[in-house]
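Structure, as C-alpha cells:
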Amino acid sequence: MNMQFTPTQTQHIRYIAGGFTDKEIARKRNVAPGTAKKIAQTCLYKAHAKNRAELVAKAAGAGVLLPRIETDMQSHIKFIN
C-alpha cells in the first residue's frame, strides 16, 4: 500500500507510535487538541486503519516511520525530520 502523508502527518504518526495521546501531541506541537484529533483522523483515513494501533502497524510496514535520508553531491548522508 502506498501511503502519502504530509510532514505534519508523519510527525503526528511518530508521536502516536510513541504512545502519546492527541492532547499530549497537541501540547508538544503547540496546536489545539481538536486540530491534533483531526490530524489523527485524517491519518487513519489515509491508511485505511480502524484504530491507532493499526495505523502505526501499517505506517511502520510501509516505512513511514523511518527517517528520510537525503544525499548531497559529495555523498554525505543527511537525516531529515
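Side notes on the structure shown:
- One residue stands out in the stretch 57-67 among those that are in contact with a helix residue (DSSP H, G or I) (Cβ under 6 Å, 6 or more places away or on another chain) and part of a helix (DSSP H, G or I): the one that is surrounded by the fewest Cβ atoms within 10 Å (Cβ to Cβ), namely K58.
- Residue check, E70 more than 11 Å from the chain's Cα centre (by Cα), among the charged types (D, E, K, R) and at pLDDT below 95: yes
- First in the stretch 33-51 and at positive phi, second anywhere and assigned to a helix (DSSP H, G or I), Cβ under 9 Å, 6 or more apart: H48/E54; H48/K58
The values are calculated or read from the model by the stated rules, or taken from the named source; none is laboratory data. Note that this is a predicted model, so its numbers are computed, not measured. In this analysis, Cβ positions are derived from the backbone assuming ideal geometry, glycine residues included, and neighbour counts consider all displayed protein chains.
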